[in-house]
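Structure first, then comments.
The values are calculated or read from the model by the stated rules, or taken from the named source; none is laboratory data. As the structure is a prediction and not an experimental result, all values here were calculated from the model. Quick reminder, even Gly has a Cβ in these numbers, built from the backbone with ideal geometry, and neighbours come from all protein chains shown. The area values use the complete protein model at the heavy-atom level, side chains included, leaving out ligands, DNA and RNA. Shrake-Rupley method; radii C 1.70, N 1.55, O 1.52, S 1.80 Å.
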Amino acid sequence: MLTLVALVLISVTVSKKQLSKMAESQLESSITNQGDNIESWLDENLSYFSTVKNDIEKTAIGTTATGTDQLQTMLDANYGENKNAPNGLYVGTASRQTLKATESKRVQEDPTSTQWYKQGITRVNMAFGPAYQDHNGNNVISATGILNDGSDDIKVIGADVNINKISVIVNSGVKMDNANSILIDTTKDTILASRDMDKLNTKVTESDGNKLYAGIAKAINDGKTGTQTIGSYDVTFRQIQGADWMLVSYIKTSVIMAPVALLANTLIIVGLAAVVLVIILILMVVSKVVAPISNITNQIKSMTEGDFTIDVDVDSNDELGIMGDRIKEFVESMRGMLQSINGESRKLKEESESSDNASKAMYDASTTQGEAMKQLND
C-alpha cells in the first residue's frame, strides 16, 4: 500500500513538472506568435507612412511657391490607400495650420496643442506614440515625425491608425486553449485590447481589486516580465517593439493541472483495484497452498506424538496432493502395523494368563502334596 502511494505521488509530481514546462512553452509560443503579428502589422503601416513622407521630402515642395497646393495634392493622392488609416495622412505646422486630405473626416484643430504634434516634433523618423481616443471615441495610435519639405515652417506629418485590428490579433491569436491575453499601454497603464470589453481603456494598477491585474501591474513596474505564476495563474509577457505596449497572456494553473488531477484519480483507482486483486490472490494462495501445508504440518506433529488416528485429506493434484497421499499411506501402514502388534499382544496376554493359571494349579498341587507328605511323615 505504501509502495502504491509512493508511486502515485512520484507520478503526479513528475507529471506536474512536465505539464508546467509544456504549458509554459506553449504559452510563450502563443504570445510570441501574437507579438510577431502585432509588430508585423505596426511595421507594415509605419513602412507605408514613411514611404509617403520620403516621397514628399524628395520633391522638396516646400521650396516652391505652390508648395502647399502640391502637398495637398499628395495628401489627396494617398487618401484611402491604407485602410488602417481611414482619415489618411495629415500635416501640422508650427504656424498652427493643419493640412489633410480633402475627403478626410478628421476634425480640424490647432496642431501645436495636440499630443501627436508634440510627439512628432521630437523625432525625424516616423514612429508610433501612445494610444488615445480620437474625436469619434475610437482607440487610435498616431505615427508621426518631422516633415522636412524644404520650407522654413516646421511641419509634422502623421497618420492615425485604428487599433481594432490589434484587438482581433490579441483576442483571436491565442493558440493555447482556455488562455487569454490583454494588451497594455505602459505609458498610461491602460488596457488597449481584451476579450472582456468592460476592461477596455481601464487602468491596470497594483491596487487593482483583481489580484491577477494587480500582479501584472506590479511585474511591469518592477521590470520582472518573465514567465511567472501570479496568484492562481501562469502568466507570460511580451514587449511589443515599435510601441510602448506590453502583451500579457495568462491561463489558470488549475486548467493546466487538470490532466494531472485526472491522472492521479486514475492511478488511485487502478492502484486500489490492484490492491484488491493482490488481496484476492493472496487469499487464494493461502487457501490453496498455505492452509494445506499448515494442515500437513499439524498432522505430522500429531504423528510424531504417536497419534495415528488422524485423517489425512488433501484434495490437490500438485506436489501437496502427492505429499498428502504419501502421508496418508504412511498413516494407514502404521495403523495396520499397530493393529497387528495389538493382536499379537492379545495372544501373548492370553498365553500369559494360561501359563499363570497352570502355574497356580501346579502350586496348589505341590502345596497339597507337601501337606500330604507332612501327614505321611507324621
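Remarks
- In segment 104-126 there is at least one residue matching the filter, namely being of a type in the set (A, V, I, L, M) and in contact (Cβ under 8 Å) with a residue 60 or more places away in the chain.
- Members of segment 283-297 that are modelled with pLDDT of 70 or more and open to solvent by 90 Å² or more (accessible area, probe 1.4 Å): Leu283, Met284
Residue by residue, here is whether (1) out of contact with any strand residue (DSSP E or B) (no Cβ under 8 Å at 6 or more places or on another chain); (2) over 26 Å from Ser302 (Cβ atoms); (3) modelled with pLDDT of 80 or more holds:
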| residue | (1), (2), (3) |
| --- | --- |
| Val331 | yes, no, no |
| Ser340 | yes, no, yes |
| Leu348 | yes, yes, yes |
| Ser352 | yes, yes, no |
| Asp356 | yes, yes, no |
| Tyr363 | yes, yes, no |
| Thr367 | yes, yes, yes |
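- Unique residue being crowded, with 17+ Cβ neighbours inside 10 Å and of a type in the set (Ser, Thr, Tyr) when the list is Ser30, Ser25, Ser40, Ser47: Ser30
- Residue that is farthest from Asn87 (Cα to Cα), among those in segment 104-124 that are part of a loop (DSSP other than H, G, I, E, B) and touching a Ser or Thr at 6+ places or on another chain (Cβ under 7 Å): Glu109
- Across segment 141-178, the qualifying residues are those that are among the acidic types (Asp, Glu) and open to solvent by 30 Å² or more (accessible area, probe 1.4 Å), and the one among them that is modelled with the lowest pLDDT is Asp177.
- The residue that is nearest to the chain's Cα centre (by Cα), among those in segment 105-140 that are of a type in the set (A, V, I, L, M) and surrounded by fewer than 17 Cβ atoms within 10 Å (Cβ to Cβ), is Val124.
- Residue count, segment 179-221 (criterion: at pLDDT 90 or above, within 23 Å of the chain's Cα centre (by Cα), surrounded by 14 or more Cβ atoms within 10 Å (Cβ to Cβ) and not in a strand (DSSP E or B)): 4
- Hits in segment 127-155 (condition: in contact (Cβ under 8 Å) with a residue 40 or more places away in the chain and part of a strand (DSSP E or B)): Ala127, Phe128, Gln133, Asn139, Ile141, Ala143, Gly145, Leu147, Lys155
- Considering (1) at pLDDT 90 or above; (2) open to solvent by less than 70 Å² (accessible area, probe 1.4 Å); (3) small (Gly, Ala, Ser), the lone condition that Gly242 does not fulfil carries the number (1).
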